[in-house]
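Okay, so here's the structure we're looking at.
The values are calculated or read from the model by the stated rules, or taken from the named source; none is laboratory data. Keep in mind that this is a model prediction, so the values were computed, not measured. Here the Cβ is made from the backbone with ideal geometry for all residues, glycine too, and neighbour counts use every protein chain on show. What goes into the accessible areas is simple: the full protein's heavy atoms, side chains included, and nothing from ligands, DNA or RNA. Shrake-Rupley method; radii C 1.70, N 1.55, O 1.52, S 1.80 Å.
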Amino acid sequence: DALADRNVEMSTEEAYAMTRRLAREEGIFVGVSAGGNVAGALRLAEELPEGQAAVIVTILCDGGAKYLSEPFWGKK
C-alpha cells in the first residue's frame, strides 16, 4: 500500500519562485521545500474540473532562515 495518492514533480526554479512569492506577497517566510509544496498544491488545484469541491492539504515543513544567504532571493 502506498501512502501518497500522487507524486508531483517540479523544478527547483518553480520551488524558488513560490518561496519568493510566499515571502513577498503573503509574508510567509519558508524554505524551498515548503515553497515547492505550495506550488504543487496550487498545480493540483488548477487541474480540478471547474466547480469541483476539494480540500488540498500541504505542510510547510521548513523555515527560510537557513536560506538567507542563497542568491535566489534577489531574482524576480
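Which number in (1) free of Cβ contacts under 8 Å to residues at least 12 places away in the same chain; (2) small (Gly, Ala, Ser); (3) in a helix (DSSP H, G or I) marks the one condition that residue 34 misses?
Among (1) free of Cβ contacts under 8 Å to residues at least 12 places away in the same chain; (2) small (Gly, Ala, Ser); (3) in a helix (DSSP H, G or I), the lone unmet condition for residue 34 is (1).
So in region 32-76, with the set limited to residues that are in contact with a Leu (Cβ under 8 Å, 6 or more places away or on another chain) and not hydrophobic (A, V, I, L, M, F, W, C), which one is least open to solvent (accessible area, probe 1.4 Å)? Break it down stepwise before answering.
Just the residues of region 32-76 that are in contact with a Leu (Cβ under 8 Å, 6 or more places away or on another chain), to begin with: 34-35, 37-38, 54, 56.
After this cut, where a residue has to be not hydrophobic (A, V, I, L, M, F, W, C) as well, the list is 35, 37.
On the way: 35: 0, 37: 55 Å².
So the residue we want is 35.
In region 21-31, is there at least one residue being out of contact with any strand residue (DSSP E or B) (no Cβ under 9 Å at 6 or more places or on another chain), among the hydrophobic types (A, V, I, L, M, F, W, C) and open to solvent by 50 Å² or more (accessible area, probe 1.4 Å)?
From region 21-31, those out of contact with any strand residue (DSSP E or B) (no Cβ under 9 Å at 6 or more places or on another chain) are 21, 24-28; that's our starting set.
Checking the rest, the ones that are also among the hydrophobic types (A, V, I, L, M, F, W, C) come to 28.
From what is left, the residues that are open to solvent by 50 Å² or more (accessible area, probe 1.4 Å) are 28.
The answer is yes; a qualifying residue exists.
When residue 34 is evaluated against the numbered criteria (1) touching an Asp or Glu at 6+ places or on another chain (Cβ under 9 Å); (2) over 19 Å from residue 69 (Cβ atoms), which criterion, by number, is the only one it fails?
(2)
When you check residue 42 against the structure, is it under 13 Å from the mean Cα position of the chain (by Cα), on the phi < 0 side of the Ramachandran plot and not in a loop (DSSP other than H, G, I, E, B), yes or no?
yes
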